[in-house]
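See structure below.
The values are calculated or read from the model by the stated rules, or taken from the named source; none is laboratory data. Note that the structure is predicted; figures quoted are calculated from it, not measured. A quick note on method: Cβ atoms are made from the backbone with ideal geometry, for glycine too, and the neighbour counts reach across all protein chains shown.
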Amino acid sequence: MNVFKIWVRWRPLNPSEAEKGEIQREYGQHHNNPQSCISITSPLQAKALSTRGKHWKSGFSFDGIIEYDDNNHLVFNRVVAPIIPQVLEGKSCNFFAYGHSGSGKSHTMIGYDFEHANEFGLCLAAAQQLSAVLKDINMEDSNYQFGIGLRVFELRKNIAFDLLNERNECFVREGSDGRVYIRGETEMLENGKVRVRPIATKACWSFEELHQELQKGLKHRKTATSTMHDQSSRTHAVIELEIITKDLLDARDQVVERQSELVPVGKHATDVYIEEQSRAIVQTEEGKFVPNPDYQVDQARVDAAEAKKAEFESRVKEADEHESGVFATTAQTHRCIGGKLVFVDLAGAEFLFSTTGSALKQTPQEKQEGRQINTDLLALKEVIRARSSKKSRIPYRSSPLTMVLREHFEASTDTHSAMILTVSPEANQYNATTNTLKYGDLVGLANGHKQ
Ligand SMILES: Nc1ncnc2c1ncn2[C@@H]1O[C@H](COP(=O)(O)OP(=O)(O)OP(=O)(O)O)[C@@H](O)[C@H]1O
């Protein structure tokens with residue numbers, strides 16, 4: 001039972017926008033249908049000719065509407081708090097903020113006020129609530145120490161910038177096991193080991209620690225401006241909170257360590273095999289490859305290298321099994337282990353639709369990034385729609401964003417997730433606001449909501 005809820009959040013007009021007029025909006029409900037429809041009309045005094053007197057009406061797609069004077073605490077209580085019990089059962093829940101640049105995505109998801117709990121972004125408010133519950137569990141059972149594993153990264157194309165590790169570049173890749181990994185550059189270590197670190201997880205054992213780590217990480221968000229808007233709207237920011245224990249993190253580190261040891265041994269085995277095979281073949285004057293009469297493959301050497309590789313592979317397997325064992329043992333008494341909340345502050349939706357219909361002034365690099373963002377946002381819509389309509393094939397591989405989110409989507413098949421559409425009531429933003437609502441309307445209608 002996956003229910004993907006669609007919320008609309010209006011942001012307040014700022015003083016300089018007030019004179020431009022406000023989009024008029026009405027909400028409707030259908031008997032027997034908990035969802036609302038929205039109709040919006042641009043006022044006649046709107047300055048932009050292209051928006052004057054326009055009107056648009058949605059289907060019954062929206063699960064809730066959050067008004068411009070509602071604070072972040074209210075959003076948390078309505079959208080995230082009802083889902084926390086599922087996370088404490090070890091489930092995964094995902095939240096997305098979708099909207100144009102400046103419409104309030106970061107205000108909602110991450111927040112700008114780290115002092116006043118009423119204005120904490122959703123991720124911080126959720127961390128606060130989870131931390132309070134975990135503190136109680138830790139006091140009741142001293143055999144375990146539960147905390148929150150925090151991961152924060154920005155995704156641009158297939159590169160994830162690790163905000164908890166100095167904006168280190170990590171790459172999104174699909175492994176031979178079909179799983180998607182986000183890993184940093186290959187590091188050559190002194191003893192011939194090769195390490196490929198996964199994206200950093202900061203273990204936070206108290207809310208105060210998490211609060212500090214998140215703030216430190218967010219300082220690494222790019223803030224330089226482009227010709228169009230802040231860089232922040234050109235990347236997807238992903239914040240993951242996972243319920244962990246120290247034993248679980250140690251077990252995961254062991255897996256990375258064992259994998260690092262396997263890399264040079266595996267490479268050596270491949271090198272030995274290629275060397276032996278190439279010595280055993282010679283090229284004739286006519287250019288044909290034939291067996292070398294003067295060389296016999298040293299099969300014992302090949303077998304020894306393969307045996308060593310198999311030994312190191314089995315060490316990786318053991319470490320993997322140990323990790324699964326730690327998880328399973330903990331879950332027997334505390335089902336919360338592995339519970340996850342994922343918050344995604346999506347890149348600005350203006351890349352998907354031009355707000356005025358006119359060509360945007362962009363550098364070639366921005367155009368290329370814009371195309372990638374379009375691909376990501378369309379792919380996300382298709383993934384949510386395919387899941388809602390229970391399609392057998394979900395197009396996760398259509399974009400790096402959906403590849404990264406795949407594990408979270410797959411872990412949340414029986415939980416609630418939500419998208420918050422952030423919209424501006426400013427008359428001149430009418431086209432942008434309509435486009436955001438249209439996107440949400442399509443997702444909501446695919447959820448089985450009525451037209
Ligand atoms: N609901 C709200 N209440 C009060 N202020 C808001 C609200 N929504 C947005 N704002 C303010 O509007 C400004 C723009 O919001 P924000 O940075 O969250 O937009 P954004 O959609 O994340 O933009 P970008 O995609 O460019 O990063 C900020 O100063 C923010 O504090």
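Tell me the residue from Gly59, Gly53 that is part of a loop (DSSP other than H, G, I, E, B), within 31 Å of the chain's Cα centre (by Cα) and not hydroxyl-bearing (Ser, Thr, Tyr), please. Write out each step before concluding.
Working: Gly53 fails: within 31 Å of the chain's Cα centre (by Cα).
Of Gly59, Gly53, the one residue that is part of a loop (DSSP other than H, G, I, E, B), within 31 Å of the chain's Cα centre (by Cα) and not hydroxyl-bearing (Ser, Thr, Tyr) is Gly59.
Step by step: first the residues of segment 1-21, then only those that are more than 15 Å from the ligand (Cβ to nearest atom) and in a strand (DSSP E or B), then the one that is nearest to Lys438 (Cα to Cα). Which residue is that?
Going residue by residue through segment 1-21, those that are more than 15 Å from the ligand (Cβ to nearest atom) are 1-6, 19-21.
After this cut, where a residue has to be in a strand (DSSP E or B) as well, the list is 3-6.
On the way: Val3: 19, Phe4: 16, Lys5: 15, Ile6: 12 Å.
Ranking the qualifying residues of segment 1-21, first place goes to Ile6.
I'd like to know if segment 332-346 contains one or more residues that are part of a helix (DSSP H, G or I) and at pLDDT 85 or above.
Pass one, segment 332-346, residues part of a helix (DSSP H, G or I): 332-333.
Subset that is at pLDDT 85 or above: 332-333.
Yes, some residue in segment 332-346 is part of a helix (DSSP H, G or I) and at pLDDT 85 or above.
Can you run down the residue pairs with Cβ atoms below 6 Å, 6 or more apart or on separate chains, where the first is in segment 301-328 and touching a residue at least 60 places away in the same chain (Cβ under 8 Å) and the partner is hydrophobic (A, V, I, L, M, F, W, C) and assigned to a helix (DSSP H, G or I)?
Val316/Leu262; Ala319/Val255; Asp320/Val255; His322/Ala251; Glu323/Ala251; Glu323/Val255; Val326/Leu248; Val326/Ala251
Looking at segment 407-430 only, could you name the residues that are part of a helix (DSSP H, G or I), surrounded by fewer than 19 Cβ atoms within 10 Å (Cβ to Cβ) and out of contact with any strand residue (DSSP E or B) (no Cβ under 6 Å at 6 or more places or on another chain)?
Keep residues of segment 407-430 that are part of a helix (DSSP H, G or I), which gives 407-410, 427-430.
Those still in the list that are surrounded by fewer than 19 Cβ atoms within 10 Å (Cβ to Cβ) too: 407-408, 410.
Across segment 407-430, the qualifying residues are Glu407, Glu410.
Pairs, please: C-beta under 8 Å, at least 6 apart or cross-chain, first residue among the basic types (Lys, Arg) and in segment 338-351, second part of a strand (DSSP E or B)?
Lys340/Ser92; Lys340/Cys93; Lys340/Glu240; Lys340/Leu241; Lys340/Glu242; Lys340/Ile243
Would you check if there is a residue in segment 141-148 being under 20 Å from Ile337 (Cα atoms), aliphatic (A, V, I, L, M), in contact with a strand residue (DSSP E or B) (Cβ under 8 Å, 6 or more places away or on another chain) and away from the ligand (no atom under 13 Å from the Cβ)? Write out each step before concluding.
Looking only at segment 141-148, we keep the residues that are under 20 Å from Ile337 (Cα atoms), and these are 141-148.
Filter once more, so that each one left must be aliphatic (A, V, I, L, M): 148.
Still in the running and in contact with a strand residue (DSSP E or B) (Cβ under 8 Å, 6 or more places away or on another chain): 148.
With away from the ligand (no atom under 13 Å from the Cβ) added as a condition, the list becomes 148.
Taking every residue of segment 141-148 in turn, at least one turns out to be under 20 Å from Ile337 (Cα atoms), aliphatic (A, V, I, L, M), in contact with a strand residue (DSSP E or B) (Cβ under 8 Å, 6 or more places away or on another chain) and away from the ligand (no atom under 13 Å from the Cβ).
Give me the residue from segment 79-135 that is in a helix (DSSP H, G or I) and among the polar types (S, T, N, Q) and, out of that set, farthest from the ligand (Cβ to nearest atom). Steps first, please.
Initial filter on segment 79-135 (in a helix (DSSP H, G or I)): 79-87, 105-109, 117-119, 122-135.
Checking which are among the polar types (S, T, N, Q) leaves us with 86, 106, 108, 118, 128-129, 131.
Numbers: Gln86: 26, Ser106: 3, Thr108: 7, Asn118: 11, Gln128: 19, Gln129: 20, Ser131: 24 Å.
Looking at the filtered set, the residue picked out is Gln86.
Across segment 53-78, what is the number of residues that are within 8 Å of the ligand (Cβ to nearest atom), surrounded by fewer than 21 Cβ atoms within 10 Å (Cβ to Cβ) and among the polar types (S, T, N, Q)?
1
Yes or no, residue by residue, for (1) among the acidic types (Asp, Glu); (2) closer than 20 Å to Glu187 by Cβ:
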residue	(1), (2)
Glu257	yes, yes
Ser260	no, yes
Val282	no, no
Glu306	yes, no
Glu311	yes, no
Ser314	no, no
